[in-house]
Amino acid sequence: DILNNQTNATYYKTDCFERGINIICFKKFLQPAVETLNDTSSSNFLSALWRKINSEADTTANSRHKRQASGVPIRREVRAAPYENNFLRYALAVRRLKYHYGVRSDLNTYDIIASIHTGSNSEHDGPGFLSWHRIYLLLFEAALQAVFGQGVTAPYWDSSLDFAMGNRQSKTIIFSNKYFGTPVIDTITGGFFANLPGRTITRAINGRGGLISKNAIAAVLSRTSHSQIVNQDQVRYCWECYHDIVHRWVGGIMETGISAAFDPIFWCHHSFVDKIWELFRQRLRNAPADYPLGYENHGPNNQMNFSNYRYRPNPPITNQEGFSNRYARLREYDPAPSCQNQCSNSPDLFCDPTRDICVSREAVTSVAQDATADDIASGWSDITTTVMALRKVQQEVLKDIPPVTVFVLLAEKTFGNVNVPSNDIQDGDYNDNDRDKRHVGRWRNFRFRLSGVDDQKENEKRHFGRWKNLNWKLGITHDNDKRFFGRWRDLNNRLSNGQNIEKRFFGRWKNINYLNQLRQNNDNAEKRFFGRWKNLNYLLKGNQNKRDDDFPVDENLMSEIGDINDMDKRFFGRWKNLNYKLSKQD
Ligand SMILES: N[C@@H](CC1=CC(=O)C(=O)C=C1)C(=O)O
């Protein structure tokens, strides 16, 4: 269906010289190429792709005020719904390019394009990195569109969604057969990209390197000129450096320049690199003129060099011309998945309300059978698994809860019909001091949660809170239960400082109230965010010292971006702001 939809579109014109490459022209163009099979054919092919980009840039520039109408292709997050019209379409288009031997008989068309990226074409280590990869990505997408349909783009892989998984990053659904394939170490044998013609794809995820944290993005976006985000001596703000570590984290062929583009995740990673650059670019008053000088091999007037050992097709523009609006306008970006947009309606992301960010789900196989307490508490297991696991501890929980707090868990098959005796809390029982008041508040909340919700997603969210609560009770009496060992230790910690316990619970409760309030009262939310915006503007305009305090330079980039607690402490507030902004871009 997708294929038919794409190829039946009336969009295509037949004037190949005016329009550049489209399906028809592409086929026309390829006829002679099949016979010639030499470097010239690759070179001609790439030049034709460039003409396509260029003619679209002309069209888009002329109809800027009606961008929607002119159908600028959109890049969405890899996991954003609908799968069929987003990642699946990309995967099928990539496969088609991999099976395409119309340009050379000895090298599939995907591999022709991938071999342009050698890692040593002056496309790295400087400002040209940004514009070179922007054009390179457009070129690749032009080929995808030529063989598959005009709307195809490389969805962006926002690896901060995986970063947020903490010490479970290697389980991300990104490296499942639904997306980029398995196994996560060695040659991939499962998924869309396994056993394709040409270069095989290897990975070694989560060995070296790291993913990009929200605070890394926040730090980069806090700068006010390109020179501040391309300087490798300032890794805290160096966007290319953050990009490097993801290459290393994926490992395998992604780890080195000469092979990286042979992994289809390369384009999705660079789609994200381009997205954040574009967010940055749009905030500058005159981005096209803001090209940093003084970088060897990255002169503003140097022509971009697209070459490898076999051919030299050069897009006839300079590094600085790649900073212009002309090429930026060729794509639009879907806002980042956020709790405000239901994580782009993705079934593979969930909102973590305590951090107010979306987090990637794990590959299904890792939690399908027997969820651990951590799986459940962090929302990584589905509702069935959660109910099954909770059922296992039902008796223990009931046995040890004092009479006044008796409730019946799982009275029916789901939490939807839990029966809460009306005498569990009497208002008069607790009204004399703060501690008790908090207690009452907490119980009220608990009863509210148990009052039954049919919606599955909503249920899951509630389980999250409820589980923590149950666990608390369970931990008190079942210290020998291995599953809760970690929690028990944590509990001991808390018990050693009664005041701390109260503070923690109180803080969490306040937080929940606050989030609920935000959802229920948009006006109020707007006001709060407006205040924060003012603050942001102040930061952007404000003095250098103030900004440096906000984003202290950390000499060790790896530990910096590997520490999610660190992120929470220092950037929680700021990121929420950015998140809001990303979700409200339009
Ligand atoms: N070689 C880079 C990482 C890297 C960057 C790239 O741009 C690339 O394509 C492949 C790998 C590093 O270890 O720092």
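Which of rounded, prolate or oblate describes segment 182-265 when judged by the alpha-carbon gyration tensor and an a/c cut-off of 1.5? If you can, show how the numbers build up before the last one.
Working: a/c = 2.98, a/b = 2.48, b/c = 1.20.
Note, shape of segment 182-265 comes out prolate.
From the Cα gyration tensor of segment 68-128, with a ≥ b ≥ c the square roots of its eigenvalues, which class applies: rounded if a/c is under 1.5, or else prolate if a/b is larger than b/c, or else oblate? Don't skip to the end; give the middle numbers.
On the way: a/c = 2.17, a/b = 1.24, b/c = 1.75.
Oblate, because a/c is 1.5 or more while a/b does not exceed b/c.
Would you list Glu332, Glu321, Glu123 from the most to the least accessible area, probe 1.4 Å? Don't skip to the answer; put the middle values down first.
Values: Glu332 35, Glu321 90, Glu123 0 Å².
Highest to lowest solvent-accessible surface, that is Glu321, Glu332, Glu123.
Is the C-alpha gyration tensor of segment 86-188 telling us rounded, prolate or oblate? Criteria: a/c under 1.5 is rounded; beyond that, a/b larger than b/c is prolate, otherwise oblate. Provide the component values of the computation, followed by the final result.
On the way: a/c = 1.73, a/b = 1.26, b/c = 1.37.
The shape class here is oblate.
For segment 174-228, take the alpha-carbon Rg, divide it by the Kirkwood Rh, and send me Rg/Rh. Mind dumping the intermediate values first?
On the way: Rg = 16.5 Å, Rh = 13.6 Å.
Using Cα coordinates only, the ratio equals 1.21.
In what sequence, largest accessible area first, do Ser324, Ser227 appear using a 1.4 Å probe? Don't skip to the answer; put the middle values down first.
Values: Ser324 25, Ser227 55 Å².
Sorted by accessible area, descending: Ser227, Ser324.
Label Gln342 and Arg248 with points 7 Å out from Cα along Cα→Cβ: what is the distance between them in nm?
Going by the 7 Å Cα→Cβ label model, 4.0 nm.
Between Asn325 and Asp233, what is the FRET efficiency for a Förster distance of 30 Å, r being their Cβ-Cβ separation, to the nearest 0.05? Show your work: numbers first, answer last.
Numbers: r = 29 Å, r/R0 = 0.98.
E(calc), rounded to 0.05, equals 0.55.
The values are calculated or read from the model by the stated rules, or taken from the named source; none is laboratory data. Values in this document were obtained by computation on a predicted structure and should not be read as measured data. No Cβ is skipped: glycine too gets one built from the backbone with ideal geometry, and neighbour counts run over all protein chains shown. These area figures cover heavy atoms from the full protein model, side chains too; ligands, DNA and RNA do not enter into them. Shrake-Rupley method; radii C 1.70, N 1.55, O 1.52, S 1.80 Å.
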